[in-house]
1. Just one of S58, S40, S32, S49 is of a type in the set (S, T, Y) and touching a Phe, Trp or Tyr at 6+ places or on another chain (Cβ under 7 Å); which is it?
2. State all residues of segment 48-58 that are surrounded by fewer than 14 Cβ atoms within 10 Å (Cβ to Cβ) and aliphatic (A, V, I, L, M); if no residue qualifies, say none.
3. Tally up the residues in segment 1-47 that are open to solvent by 60 Å² or more (accessible area, probe 1.4 Å) and without any contact (Cβ under 8 Å) to a residue 24 or more places away in the chain, please.
4. So, in segment 59-75, of the ones that are in contact (Cβ under 8 Å) with a residue 12 or more places away in the chain and outside any loop (DSSP other than H, G, I, E, B), which residue ends up surrounded by the fewest Cβ atoms within 10 Å (Cβ to Cβ)?
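The values are calculated or read from the model by the stated rules, or taken from the named source; none is laboratory data. Values in this document were obtained by computation on a predicted structure and should not be read as measured data. Every residue, glycine as well, gets a Cβ built from its backbone with ideal geometry; the counts of neighbours run over all protein chains shown. To get the accessible areas, we keep the full protein, side chains included, count just its heavy atoms, and leave off ligands, DNA and RNA. Shrake-Rupley method; radii C 1.70, N 1.55, O 1.52, S 1.80 Å.
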Amino acid sequence: MKNKICTTIATLMMLVPWTILPLRFHQWALESPAAEIIISCYIGFMLFSGIFTIHCYSRGGLKNKWMQVCAVVNGIYAVTGVIIGAWMVCSALL
């Protein structure tokens, strides 16, 4: 049961970062304070999903092929989130 729940959560976490694309079609999402808040929330979620999925894969004993795919994709999301977060901090400071 734990295997299916964690795999389902990791699968859904792979899809959530793509929901920023339709959200950015709204004009209010492109303005300055809202844009930074939205991007920061997505960065936080991507970091959490990467850490959660890698933790479930390595320490939770979920070593199936689909969980391996989820760990790779969410790991890439987490690394991308760190890069974008550092980029936001650098641009805010300069």
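1. The conditions single out S49.
2. Selection gives I51 alone.
3. Counting residues in segment 1-47 that are open to solvent by 60 Å² or more (accessible area, probe 1.4 Å) and without any contact (Cβ under 8 Å) to a residue 24 or more places away in the chain gives 21.
4. Across segment 59-75, the extreme among qualifying residues is W66.
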